[in-house]
1. In what order, largest first, do Thr134, Thr496 sit by accessible area if the probe radius is 1.4 Å?
2. Provide the solvent-accessible area of Trp168, counting protein heavy atoms only and rolling a 1.4 Å probe, rounded to the nearest 10 Å².
3. For segment 367-521, what is the accessible area per residue in Å² when the probe is 1.4 Å?
4. Just need the Rg to Rh number for the chain, please, alpha carbons only, Kirkwood Rh.
5. Can you tell me the convex hull volume per residue for segment 498-629, based on C-alpha atoms, in Å³ to the nearest whole number?
6. Nearest 10 degrees is fine. How inclined is helix 506-525 to the longest principal axis of the chain, computing both from alpha carbons?
7. For a quick check: with amide H placed at 1.01 Å from N, whose amide H comes under 5 Å from Phe149's, ignoring anything fewer than 5 positions away on the same chain?
8. Calculate the translational D of segment 522-567 in whole µm² s⁻¹ from Stokes-Einstein, where the hydrodynamic radius comes from the Kirkwood formula applied to all Cα pairs, the temperature is 20 °C and the viscosity 1.002 mPa s.
Amino acid sequence: MIFPALHRFAQSRGLLDDLDFTDQTIHARIDLRADGTFVGVFPIGEKKAPVKKPVSRIGARNSAAIACLGADTANRILPGLDPDANRLALETQKLFLEQLRSVQSETGHAGIVAVVTFLNRLHADEHARAPIKTAFDAQKLKVSDWITFTVEGETGYLIEWSALKTWWRQRCAAERTATTSASTDPLIPCIVTGELCSPVRTHGTRIKVAPGGLPGGVALVSSDKPAFGSYGFEKSLVSPMSEAAVEGYIRAINYLGDKAHPDHHHRTADTIFLFWCDRTDVPANPAKAIEDGDPGDWLSSALAAADPAAPLSDSPSTAVKVFRSPDAGALPLGATAASARFYCLALSGSSARGVIRGWIDQPLKDAVEHTRSWFDDLAIPLDRPLYDPTDKNKDPKTRRRFADTGDICSRWPLWKLVSSLEGKGDSGQELARYRTQLFSSALLGRVQPIPLELLAVACRRIATTGDCPPPRAALIQLLVRRRLFQQPELSLNTMTAIDQHVRTSAAFACGRLLRVLQGIQAKALGDRNASVIDKFYSSASATPAAVLGGLVAKAQPHLSKIRKEQPGLAHWFDEQLTEVVGAIVEQGGFKSTHDPIEQGQFALGFYYQRILARKQKPEADDIAADSAE
């Protein structure tokens, strides 16, 4: 279960040390003199380096006026700033001031007196609001930006003053005591900690990092309709959790997805992948390597010498503080990795609801081995050079290269593999589903089932684009390898045996044959509006018997023409035709249909034949036809 793991992570980071406060980005401060006179409005932090401070934790305020203590959005603090402020915002302005008056009366703190004096003046005198609005507009701040106060002679921000924080803690403690005393409901075991508790009835829409969700946040646990109930329980009681457990998973998710912690997440258009582990020694992560396409040096051989993995229970009794460093989500080396576990959560938003697309919980050692096999299965020779995308030089002879034709490349980022599946008009939801399936396959290893749909889509893209660039070929190779590995009746237990099976298959030879026929047509007829690939790739891949025999016969006049102009090239084409057709005949001739795996083998033959041509006879292939890489 992913909630206990998130709760333990929150404990490890100290996110639950003070349940009465929660971190919030502060965008600006209002500076005051000791007598409450206005000095100015000043931005705090930057977009890439926001300033976060603990603020009082309050309930959801979708339909109620609730003020945060000492800091809030500008339109909930300053009267007259927002002409479009709704009723709840106007009521919250009064509540904000009333709370500070209560703190002032109980503490007599000089700084709080200054803030209350300033706000009293704004509420009583409309003319006093003009300088604040002018200063606010001059700094280009928004009414939704969070603001707080500083006062001359006082250290730090208003929300950091001990008098204010102590008052809030005492109020929260009193409210808890009153609620417990008044409650007649029985205590229920928390599904996260296992302890008896009075479950939190509403978790609120407080998860801020889910793409596609509302700006105010989404909820993961909710039940607002009878159909969502369970055994008579309503609202969040369908998954009863204590206050600490609710705060744990919410704060952990927001922490992992925060821009300040890029090593713990990867964000796409509509999904965020959160990953972490319970070891904190090394600043690297298997999931990050898969996303970036860079295993780096952290795939250390030292890990292979670790002791066998000892499962770490997810039961409530093991929810203890076992993490210490801010580098959690790392890959440790040596025998200490044996007991570590790795977690990944794929999260999206749909309006006010959070959507869990999937999660992974496994020993870290397994995640590392699976990541290594992922890159091994993606390793493929290049059929064209790989150029530096930052080099805008269009001349291939002088453009900076990362790798040349024939070099083995395995470092394909996940986004590039998913892009190779993208077709015109594809929805973002489809691509997100493809990404989640591939991500799971990468982290769960070769035994993780992969839908044949992915293989079919990848092969179909060759027919629609007329090209099979290296990332698409690498993905097809990986999918074919893993589908064959998962068929025990074939007894293909190693990648070497699988590759031999693929390269000696009739489907692989048929793919090679179509590439040879393309080269013959291109050299005989030159540039055509529609090549043999454009016209026949799809049918040749799916129904080779209906197409390829006729194409071989039609290639003979083209060979005759090439023989007159380039006899050496014609001789090479003849040899290739003889070799490939002979391999097909040995396998029983052209099949009437190819299943999806055979279509993948066909695509690999089509791809590898180009590499062979460019090594043995460069003039046999049109290099200019490559898509940019």
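1. Working: Thr134 90, Thr496 110 Å².
The residues order as Thr496, Thr134, largest area first.
2. Its accessible surface works out to 10 Å², give or take rounding.
3. On the way: 6330 Å² over 155 residues.
Per-residue accessible area for segment 367-521 comes out at 41 Å².
4. Details: Rg = 31.9 Å, Rh = 28.9 Å.
My calculation of the ratio gives 1.10.
5. Working: hull volume 14.8 nm³, N = 132.
Per residue, the Cα convex hull of segment 498-629 comes to 112 Å³.
6. For 506-525 against the chain, the angle is about 80 degrees.
7. Those qualifying (amide H under 5 Å, at least 5 residues apart or on another chain) are Ile30, Leu158, Ile159.
8. Values: Rh = 11.6 Å.
Translational D for this selection: 184 µm²/s.
The values are calculated or read from the model by the stated rules, or taken from the named source; none is laboratory data. Given the structure is predicted, the values throughout are model-derived calculations rather than measurements. We place every Cβ from the backbone using ideal geometry, glycine too, and count neighbours over all the protein chains shown. Ligands, DNA and RNA are excluded from the accessible area calculation, which covers all protein heavy atoms including side chains. Shrake-Rupley method; radii C 1.70, N 1.55, O 1.52, S 1.80 Å.
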